[in-house]
Ligand SMILES: NC(=O)c1ccc[n+]([C@@H]2O[C@H](COP(=O)([O-])OP(=O)(O)OC[C@H]3O[C@@H](n4cnc5c(N)ncnc54)[C@H](OP(=O)(O)O)[C@@H]3O)[C@@H](O)[C@H]2O)c1
């Protein structure tokens, strides 16, 4: 077993599906103890069983990434996981959701939820993790943005705006904590086939046609490998941003 993260503890939000699930698995395979967070408890329990069966360590904490008390409880559960507690070395702030459509035609009744999860909930966890790591003078924070958080896309303009906000928060945070040895990175995926498309409301009509010419799309594993790569660099090297697209994705 490759033990690049042996002795480290990682929090991964949005670990019941897609990018978060595979990232938690890969970190655990590389020796990290992982605290996995999402709303769907049964899926987290399955993941913990899978990691434990392979000889790894994992703890499931069910909660809502848009609810501050659930995020605070995630931090507390991670820090008191075992006798004497654990430290938190890595926080992967990944939980999020998409929303099909632009500013004119996306479902406005879902706007608040998109911002509560993708921006406000993420910012609360980013702050909590960074405050803790600042005191310890070290740690890694990775947030999942999006290519549409850099390039406005007409088929997800409102969702994209939430990821522009994440990019701003991440760079602001990096400037506040980097002198304390805390690394902060933004990973911006292109199109990854996951639970994301169903939740966002993408269909063959509004999405399938636009991506048909892009060829093979990404798998969550492609993003998880990028995350593990940047976490495995020497402590003085901080890759601040990576954008990972399917090779054939011209835009966004
Ligand atoms: N797939 C793409 O093409 C793509 C592209 C760029 C960026 N991203 C970003 O990548 C991240 C992961 O997405 P994915 O593709 O892996 O999608 P996914 O398969 O739908 O996974 C989303 C994860 O987020 C969790 N989540 C959503 N809302 C939550 C909430 N309120 N509280 C707690 N957990 C919540 C879900 O868990 P529960 O439902 O169990 O709570 C699930 O584990 C998101 O931030 C997304 O915006 C995705």
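The values are calculated or read from the model by the stated rules, or taken from the named source; none is laboratory data. Everything numeric in this text was worked out from a predicted model, so none of it was measured. Backbone-built Cβ (ideal geometry, glycine too); neighbour counts: all protein chains shown.
The table for this structure:
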| item | result |
| --- | --- |
| Qualifying positions in the stretch 3-17 - assigned to a loop (DSSP other than H, G, I, E, B) and either crowded, with 23+ Cβ neighbours inside 10 Å or away from the ligand (no atom under 16 Å from the Cβ) (or both) | 3, 4, 5, 6, 7, 8, 14, 15, 16 |
| Residue 11, sole failed condition from (1) under 25 Å from residue 202 (Cβ atoms); (2) under 15 Å from the mean Cα position of the chain (by Cα) | (1) |
| Entirely in the stretch 146-252, the helices (runs of 4 or more DSSP H) that have 3 or more residues that are within 30 Å of residue 135 (Cβ to Cβ) and within 15 Å of the ligand (Cβ to nearest atom) | 157-177, 220-231 |
| Condition check for residue 111: buried (at least 17 other Cβ atoms within 10 Å of the Cβ) and over 17 Å from the mean Cα position of the chain (by Cα) | no |
| Criterion violated by residue 54 - all others in (1) over 23 Å from residue 229 (Cα atoms); (2) exposed (fewer than 15 other Cβ atoms within 10 Å of the Cβ) satisfied | (1) |
| Sole residue being buried (at least 18 other Cβ atoms within 10 Å of the Cβ), under 14 Å from the mean Cα position of the chain (by Cα) and within 17 Å of residue 22 (Cβ to Cβ), chosen from 187, 166 | 187 |
| Unique match (being within 12 Å of the ligand (Cβ to nearest atom), surrounded by fewer than 20 Cβ atoms within 10 Å (Cβ to Cβ) and either closer than 22 Å to residue 170 by Cβ or in contact (Cβ under 8 Å) with a residue 60 or more places away in the chain (or both)) among 64, 45 | 64 |
| Conditions (1) crowded, with 23+ Cβ neighbours inside 10 Å; (2) more than 21 Å from residue 16 (Cβ to Cβ): number failed by residue 161 | (1) |
| Filtered residue count, the stretch 201-218, keeping only those that are touching a residue at least 60 places away in the same chain (Cβ under 8 Å) and surrounded by fewer than 21 Cβ atoms within 10 Å (Cβ to Cβ) | 4 |
| Residue 131, sole failed condition from (1) over 19 Å from residue 217 (Cβ atoms); (2) touching a residue at least 40 places away in the same chain (Cβ under 8 Å) | (2) |
| Per-region count, the stretch 80-95, residues surrounded by 14 or more Cβ atoms within 10 Å (Cβ to Cβ), away from the ligand (no atom under 12 Å from the Cβ) and either over 27 Å from residue 184 (Cβ atoms) or modelled with pLDDT of 95 or more (or both) | 4 |
